[in-house]
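Following: one structure in C-alpha cells, then a few remarks.
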Amino acid sequence: MNHSDLSTTLITKVYKRLFFNQCYVCGFKQEGCLCSSCTTFLKRNDHCCDRCASPTLSTLALCGECQKEPPSFSKAIAPFEYEGLCRALITQAKFENRPYLLRPLITQLADHILQLDQPIPKLWSHVPTATSSLIERGFCQTEFISQLLLKHLRHYHPDLKIELITIERIKTNQAQHTLAKRERHKLTHKHFHVPPLPSEPILLIDDIITTGSTVNACAKALTLAGAENVTVWALARTP
C-alpha cells in the first residue's frame with residue numbers, strides 16, 4: 001500500500017468529519033449538511049404555478065401572469081420559497097462570503113430533481129452574475145450551484161455528460177437585487193449574448209427567481225441562439 005495515498009485518505013476523512021458531516025445550522029454531527037430538525041424550517045414550494053414556479057395558495061396549472069404572458073422558458077423548478085431559513089442561508093452565502101452555506105439547498109434541489117425522474121438536459125448554462133457583484137463577493141453563486149449540483153447528480157448518474165454554455169452580460173453590470181421591480185422588468189434578451197446553439201433542450205441555473213425577469217431574458221437569448229427549449233432550475237422562488 002502506498003503510504004502517501006493512505007495519509008491523504010485519512011486526512012480527507014478527518015476533514016469531512018470535521019467540516020462536512022455536521023449540520024451547517026445547529027452543528028449536529030451526522031451524515032450530510034442539514035439535520036432533519038433544521039430541514040423543517042425550510043418552507044417547501046409545494047403549491048406553485050406549473051410554468052414559472054411562483055408560489056400560490058393552491059395547486060394551479062398556470063398562474064395569472066403566465067396565462068397573460070407566457071415566459072420564454074418552458075418550465076421552472078424551485079423547491080423552496082425564499083423566506084426563513086432558506087433566505088438566511090442564501091443571504092449569508094452571497095453577502096457574507098460563505099458559499100458553502102448553499103450546499104444544503106443544492107443537495108435538496110438535486111434530490112428533488114432525482115425524484116421527478118425527468119430527462120436531464122445535456123446543455124447547461126447559468127445566469128451570469130453582474131460585474132459589481134463579482135467584485136463584491138469574489139465568486140459567482142450560480143456557477144458554484146451548477147458545479148456542486150452536477151457533482152451530486154453524478155453520484156446517481158455516473159455517465160452524465162454535459163456541455164457548458166456561457167451567457168455573457170453585454171448591456172448592464174448593475175446587480176439585480178439593487179433594482180426596483182419596475183427596473184428589473186426592463187431587462188431583456190438584448191442585455192445578454194449567447195453563442196449559436198444546437199436545437200436541443202438547455203438547462204438554465206439560478207439561485208433565486210424573484211420577478212422572473214432575469215431568467216426570462218436569459219431564456220429568450222438562449223432560444224434566439226437556437227435552443228429548442230429552456231428549463232430553469234433554482235434553489236428558491238420569492239413568494
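The values are calculated or read from the model by the stated rules, or taken from the named source; none is laboratory data. Being a predicted model, the structure only gives us computed values, none of them experimental. Don't worry about glycine lacking a Cβ; one is built from the backbone with ideal geometry, like all the others, and counts go over all protein chains shown. Just the protein is used for accessible areas: all its heavy atoms, side chains included, with ligands, DNA and RNA removed. Shrake-Rupley method; radii C 1.70, N 1.55, O 1.52, S 1.80 Å.
Things worth noting here:
Listed here are the residues, each with its yes/no results for (1) farther than 28 Å from Ala88 by Cα; (2) surrounded by fewer than 24 Cβ atoms within 10 Å (Cβ to Cβ); (3) within 14 Å of the chain's Cα centre (by Cα).
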{"residue": "Leu197", "(1), (2), (3)": "yes, yes, no"}
{"residue": "Glu200", "(1), (2), (3)": "yes, yes, no"}
{"residue": "Leu204", "(1), (2), (3)": "no, no, yes"}
{"residue": "Thr210", "(1), (2), (3)": "no, yes, yes"}
{"residue": "Ser213", "(1), (2), (3)": "no, yes, no"}
{"residue": "Lys220", "(1), (2), (3)": "yes, yes, no"}
{"residue": "Glu228", "(1), (2), (3)": "yes, yes, no"}
{"residue": "Thr231", "(1), (2), (3)": "no, yes, yes"}
{"residue": "Ala234", "(1), (2), (3)": "no, no, yes"}
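Residue-wise test of (1) modelled with pLDDT under 95; (2) open to solvent by 40 Å² or more (accessible area, probe 1.4 Å); (3) assigned to a loop (DSSP other than H, G, I, E, B).
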{"position": "Ile11", "(1), (2), (3)": "yes, yes, no"}
{"position": "Asp46", "(1), (2), (3)": "yes, yes, yes"}
{"position": "Leu57", "(1), (2), (3)": "yes, yes, yes"}
{"position": "Leu89", "(1), (2), (3)": "no, no, no"}
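- When Ser133 is tested against the conditions (1) open to solvent by 20 Å² or more (accessible area, probe 1.4 Å); (2) modelled with pLDDT under 90, the lone failure is (1).
- Ala53 satisfies every condition listed in (1) modelled with pLDDT of 95 or more; (2) in contact with a Leu (Cβ under 9 Å, 6 or more places away or on another chain); (3) closer than 18 Å to Leu149 by Cβ except (2).
- Here Glu183 meets each of (1) of a type in the set (Asp, Glu); (2) under 28 Å from Glu83 (Cβ atoms); (3) at pLDDT 95 or above with one exception, condition (3).
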